[in-house]
Structures are given as structure tokens and as C-alpha cells.
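Structure record follows, encoded as C-alpha cells.
The values are calculated or read from the model by the stated rules, or taken from the named source; none is laboratory data. All figures in this text were calculated on a predicted structure; none of them were measured in a lab. Here the Cβ is made from the backbone with ideal geometry for all residues, glycine too, and neighbour counts use every protein chain on show. Surface accessibility is based on the protein's heavy atoms, side chains included, excluding ligands, DNA and RNA. Shrake-Rupley method; radii C 1.70, N 1.55, O 1.52, S 1.80 Å.
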Amino acid sequence: MTGLVLRNGRIEGAEPVDLLLENGAVAQIGTGLTASRSIDLEGRHVVPGLWDDHVHLSQHALAQRRVDVSAAGSAAEAAAIMRGAAIVRPPEPGVPLVGFGFRDGLWPDLPTAAVLDEATGALPTVLVSGDLHCCWLNSAALDRFGFGGHATGILREDDAFRVTDSLQDVPDSVLDGWVAEAAATAASRGVVGVVDFEMADNLAVWARRMAGGSRALRISAGIYTEHLDAAITAGHRTGQVMPGTGELLAVGPFKILIDGSLNTRTAFCVDEYPGLEGHQHSHGMLTVAPEDLLPLLRRVSAAGLLPAVHAIGDDANRIALDAFEAAGYHGRIEHAQLLRDADLPRFAALGVTASAQPEQAMDDRDVADRYWSGRTSRAFPLRSLFDAGATVVLGSDAPVAPLDPWITIAAAVARARDGRAAWHPEQSITAAEAVAASAHGRRRVSAGDVADLCVVDTNPLTASGDALRTMPVSATLIAGRFTHDTLGA
């Protein structure tokens with residue numbers, strides 16, 4: 001007799017049943033099942049293992065070790081936090097002081113190099129925005145990273161990405177250890193896998209990490225343009241499982257960014273941003289022209305790679321959908337935060353998946369009310385996407401939002417946090433829909449499924465938004481192997 005029986009587990013809140021796990025799968029569900037080992041779940045609830053469909057794991061791990069400026073309500077406050085950090089925990093000689101999490105969309109004052117110069121002087125200082133699309137540097141940092149004499153100290157999009165890439169100058173062994181800690185924490189919240197869109201050679205990075213013993217998560221490794229030729233030459237195809245990784249590492253989608261973000265006011269929109277009328281980028285920034293996007297989609301799709309197009313503004317989403325339609329291929333749109341009503345049914349019609357991050361709506365609601373005024377009924381439109389028949393997958397974009405699927409699910413269901421009234425509650429989805437969208441479409445655990453499972457203490461289908469945010473997770477399993485266990489297995 002082999003296998004493991006999870007006894008007295010509830011599926012969708014029904015009466016307790018036993019689940020027999022064998023050879024990495026749920027072999028049978030019933031009562032009175034036996035195996036060589038058994039664990040009593042004592043009526044806990046069993047849901048499919050959860051995925052985060054959009055993360056930047058290295059950035060997430062690094063953000064945990066940077067100065068937290070997310071609570072700053074002004075440039076002056078953020079600069080003061082950095083001044084204090086420079087005194088209390090100065091970086092090693094030659095290493096810049098780095099902060100993370102500023103959101104200046106509603107600040108009463110402007111972040112400038114001069115403001116940081118007054119706070120940290122000659123110490124190279126960089127603040128990475130909470131949306132990852134902007135960096136704020138003092139004069140010493142501007143000189144260090146090749147932007148000396150910059151007019152404001154604020155770098156956006158590709159310039160900002162150059163800086164954040166340089167800030168990852170950490171030994172592989174150190175960064176891998178930090179990522180392993182982040183992966184273990186994710187597993188403790190029921191996560192069995194992530195789509196990692198780190199701007200790196202992700203397949204090579206994760207092959208190294210798994211050779212070093214990483215086993216906490218399944219990884220779908222995203223590919224960027226600078227690694228596209230090598231991926232096509234190697235014959236990599238999205239979904240292909242890489243050998244020697246215990247079937248944990250797979251080739252992910254091909255990622256291309258065509259606009260920016262809301263907080264940085266670079267998401268490409270039909271309407272101008274209030275206060276920026278007449279400026280060069282008053283509608284945001286379109287970073288890939290439509291005439292360049294279409295041949296790229298055709299090339300990667302023909303090679304067997306699934307295109308994943310970053311589009312946040314409503315005009316960027318239209319352009320992305322137009323390209324998918326012209327190319328005749330399906331794929332994903334990452335974020336899909338602001339959509340025209342006419343574009344909602346196009347997701348289902350074109351076979352384009354909407355990869356959304358509901359907690360960002362909670363972070364961005366006030367900024368959206370200001371800069372997308374009159375349009376927020378179609379911002380983060382989950383209900384509208386579901387009703388239009390679109391396939392929706394959920395994630396965090398960590399470190400932009402916490403790598404915790406229960407926070408993601410709570411935001412999708414309640415559209416509220418911190419005691420505030422729900423923001424556009426008409427765009428809420430049900431808990432069952434949110435769980436399935438966080439589990440690659442698996443609505444419930446069934447016999448024959450891979451044994452990627454999450455065991456929770458209360459019924460997620462009836463829990464309040466606040467209860468979902470703090471959902472106790474007792475165990476997480478990948479192919480029947482515990483990656484998180486408080487049951488004593």
C-alpha cells in the first residue's frame with residue numbers, strides 16, 4: 001500500500017471526504033480511503049493550489065531589503081525617511097542607498113534631485129517607485145548611473161529599468177537565498193507556482209536555482225526581447241518543461257511592454273492626464289509602435305511562444321487587441337487596467353487572456369479617481385471581463401502588490417480594504433470565480449487532478465473580504481509533496 005490520504009477534508013464546503021494522493025495526483029476522492037500514510041484535516045477546506053500569474057521575484061526579494069517609503073505622503077516625507085536611513089543603517093561604501101515604494105501621484109510637492117540632495121548629500125540615493133516604472137535619483141546617483149545633469153532626477157520607463165537592473169548587482173548566491181526565502185513565504189500562503197516576469201534570462205536563472213535545490217514553487221519563466229533570439233534558436237516553446245528541474249520549471253510567455261503605468265502617468269490613454277495637457281507625453285507613453293508590435297507578435301507566436309503584452313491604458317489595450325486580431329494569434333494582456341467598453345468582448349473573441357492584479361485597484365483607487373476621472377467605472381473591470389466571456393487570471397505584480405493570493409482574491413471579491421467603502425463594487429467577482437482565476441481555471445479539486453493543493457482553515461467561498469485577506473493556510477502541496485505544513489505531516 002502506498003500513497004497518502006488526506007482525511008476529513010471539505011471541498012467547496014461540502015461534507016468531509018478523504019482524498020487519496022498517489023504518484024503526484026489526486027487518485028480518488030471518497031470515504032474510508034486507506035494508504036500507507038494518512039493525515040486528518042479535521043474538516044479543513046481543500047482548494048486547488050494557487051498561482052500568482054505575474055511576479056518579479058528578484059525585485060520582490062530585493063524590495064524586502066530596501067528602505068520602505070510607501071507611507072510617504074510627500075516628496076519631503078520620502079526624503080526625510082531616506083535621510084534617517086542614511087544615518088541609522090548606511091549602506092556599505094560604494095553601495096547606493098535604495099528606497100522602494102514611493103507613489104507620487106497625489107503628492108503636494110514634486111520629487112526632484114534637489115530635494116534628495118538636501119537629504120542625503122553626496123551619498124548616491126535611488127528611490128524605486130511602487131509601480132516599478134519610475135526611479136527618483138539624487139545628483140550623486142544620476143552621475144553614477146550615467147544621467148548626470150538630468151533636469152529633474154525622475155527617470156521613467158526604459159531609463160528607470162536601466163537603473164533598477166544596475167541595482168541588482170548582488171552576488172547570485174546572495175540573491176538566490178533571498179528569493180528562496182520569498183518562495184517559502186509564498187508557499188506558506190498556498191502558492192504552488194508563479195509566472196516570473198523578472199527582466200532577466202529567467203530560464204537560465206531558474207535552472208541554476210533549481211540545480212541548487214529550489215523546490216518551493218513551480219516557475220513559468222517569462223522571456224524578454226533581449227533573450228528572444230536565443231530562446232527561438234533553442235526551440236523553446238511556452239509550456240515546455242525544462243529537464244532536470246523535477247518538472248518545476250517551464251518556458252513561460254514572451255513579455256513585451258507597450259506602455260507605462262498609472263502612478264507614473266505613462267499608461268497610454270485615449271484622454272490626456274489632468275495637468276499634463278499639451279505636454280509631449282500628455283496621453284502617457286507608447287513605448288512600442290503598432291507597426292513594430294504586429295510583426296513581433298507574429299514572430300513569437302509562429303515560434304510557439306505565447307505573447308504577453310503589457311498594456312494598462314485604454315488606448316494601449318486597444319492597440320494590443322488590434323495587433324492580436326491582425327496577427328490571428330491568441331495570447332495575454334498583462335494588467336488590462338483601463339478598457340474601452342467596445343474592447344471588452346474582444347478578449348473572448350480573440351482568445352486573449354486578461355492577466356489582472358486586483359490589489360492594485362486598492363492601491364490606485366485615489367490616483368485613478370484623479371487621473372482617470374469619469375472613466376473609473378471601466379478601470380480594473382473584472383466583472384465586465386467575466387461577463388464578456390474573457391478568460392481572466394489573477395496575480396500581484398509583486399513587489400507592486402503583496403505576493404499573497406488571498407489578498408488578491410479579497411481585492412477581487414470585496415473591492416475594499418482598510419475599512420473604506422467598496423470602490424466600484426459593480427466590478428466585484430465571486431469568491432469561486434476569484435479562486436479559479438488564481439488556480440489556472442481549476443474551480444474545485446477533482447479526482448485525476450495533479451495534487452497541487454492548498455489546505456485552509458475556513459471556507460473561502462463564504463468568507464468576508466477581511467477574512468480572505470488573512471486566510472489561515474495549514475498546508476500547501478505540489479504534486480502531493482508538502483511545501484508548507486502546519487499539520488505535522
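Worth pointing out:
- Residue tally, condition of a type in the set (Gly, Ala, Ser), in contact (Cβ under 8 Å) with a residue 60 or more places away in the chain and either more than 16 Å from LEU228 (Cβ to Cβ) or open to solvent by 10 Å² or more (accessible area, probe 1.4 Å) (or both), over the range 312-343: 1
- A residue that is touching a Ser or Thr at 6+ places or on another chain (Cβ under 9 Å), assigned to a helix (DSSP H, G or I) and within 23 Å of PRO307 (Cβ to Cβ) occurs nowhere in the range 402-413.
- Selected residue (only one of LEU155, LEU217 is open to solvent by less than 10 Å² (accessible area, probe 1.4 Å), under 24 Å from ARG65 (Cα atoms) and in contact (Cβ under 8 Å) with a residue 24 or more places away in the chain): LEU217
- Exactly one residue among VAL309, VAL300 is open to solvent by less than 10 Å² (accessible area, probe 1.4 Å), β-branched (Val, Ile, Thr), closer than 27 Å to HIS281 by Cα and modelled with pLDDT of 95 or more, and that residue is VAL309.
- Residue match in the range 184-193 (condition: open to solvent by 20 Å² or more (accessible area, probe 1.4 Å), assigned to a loop (DSSP other than H, G, I, E, B) and in contact (Cβ under 8 Å) with a residue 12 or more places away in the chain): yes
- Test: residue in the range 328-337 that is of a type outside the set (A, V, I, L, M, F, W, C), in a helix (DSSP H, G or I) and modelled with pLDDT of 95 or more: no
- Count - residues of the range 158-183 that are open to solvent by 30 Å² or more (accessible area, probe 1.4 Å) and in contact (Cβ under 8 Å) with a residue 60 or more places away in the chain: 5
- Top-ranked residue in the range 269-306 [being among the hydroxyl-bearing types (Ser, Thr, Tyr) and either part of a loop (DSSP other than H, G, I, E, B) or over 30 Å from SER220 (Cα atoms) (or both); ranked as nearest to the chain's Cα centre (by Cα)]: THR287
So that you can scan it fast, the table gives a plain yes or no per residue for (1) more than 24 Å from ALA71 (Cα to Cα); (2) among the aromatic types (Phe, Trp, Tyr):
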site	(1), (2)
GLY351	yes, no
ASP366	no, no
TRP372	no, yes
ALA411	no, no
ALA414	no, no
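- Exactly one residue among THR408, THR430 is under 14 Å from GLY465 (Cβ atoms) and touching a Pro at 6+ places or on another chain (Cβ under 8 Å), and that residue is THR408.
- From the options LEU20, LEU33, LEU6, LEU41, residue that is free of Cβ contacts under 8 Å to residues at least 24 places away in the same chain and over 30 Å from ALA308 (Cβ atoms): LEU20
- Members of the range 463-489 that are open to solvent by 50 Å² or more (accessible area, probe 1.4 Å) and touching a helix residue (DSSP H, G or I) at 6+ places or on another chain (Cβ under 8 Å): SER464, ASP466, THR470
- Residue in the range 49-66 that is touching a Lys or Arg at 6+ places or on another chain (Cβ under 8 Å) and surrounded by fewer than 17 Cβ atoms within 10 Å (Cβ to Cβ) present: no
- Residue among VAL435, VAL445 that alone is touching a residue at least 60 places away in the same chain (Cβ under 8 Å), in a loop (DSSP other than H, G, I, E, B) and within 27 Å of GLY239 (Cβ to Cβ): VAL445
- PHE386 being under 22 Å from CYS269 (Cα atoms) and either touching a strand residue (DSSP E or B) at 6+ places or on another chain (Cβ under 8 Å) or of a type outside the set (Phe, Trp, Tyr) (or both): no
- Restricting attention to the range 237-268, the residues that are within 22 Å of the chain's Cα centre (by Cα), of a type in the set (Ser, Thr, Tyr) and more than 20 Å from GLY130 (Cα to Cα) add up to 1.
- Some residue of the range 456-465 being of a type outside the set (Phe, Trp, Tyr), part of a helix (DSSP H, G or I) and over 30 Å from GLN28 (Cβ atoms): yes
- Subset of the range 431-453 (residues that are more than 24 Å from THR353 (Cα to Cα) and open to solvent by less than 10 Å² (accessible area, probe 1.4 Å)): ALA451
- For the range 340-361, the criterion of being part of a helix (DSSP H, G or I), of a type in the set (Asp, Glu) and under 17 Å from the mean Cα position of the chain (by Cα) is met by at least one residue.
- One residue from PRO425, PRO460 being buried (at least 21 other Cβ atoms within 10 Å of the Cβ) and either within 21 Å of the chain's Cα centre (by Cα) or of a type outside the set (Val, Ile, Thr) (or both): PRO460
- Pick from the range 1-26, criterion open to solvent by 50 Å² or more (accessible area, probe 1.4 Å), touching a strand residue (DSSP E or B) at 6+ places or on another chain (Cβ under 7 Å) and outside any loop (DSSP other than H, G, I, E, B), ranking: nearest to PRO460 (Cα to Cα): ARG10
- Of everything in the range 370-384 that is in a helix (DSSP H, G or I) and in contact with a helix residue (DSSP H, G or I) (Cβ under 6 Å, 6 or more places away or on another chain), the residue that is most open to solvent (accessible area, probe 1.4 Å) is ARG383.
- Whichever residue in the range 67-79 is open to solvent by less than 20 Å² (accessible area, probe 1.4 Å) and not in a helix (DSSP H, G or I) and, among such residues, is nearest to ILE478 (Cα to Cα): VAL67
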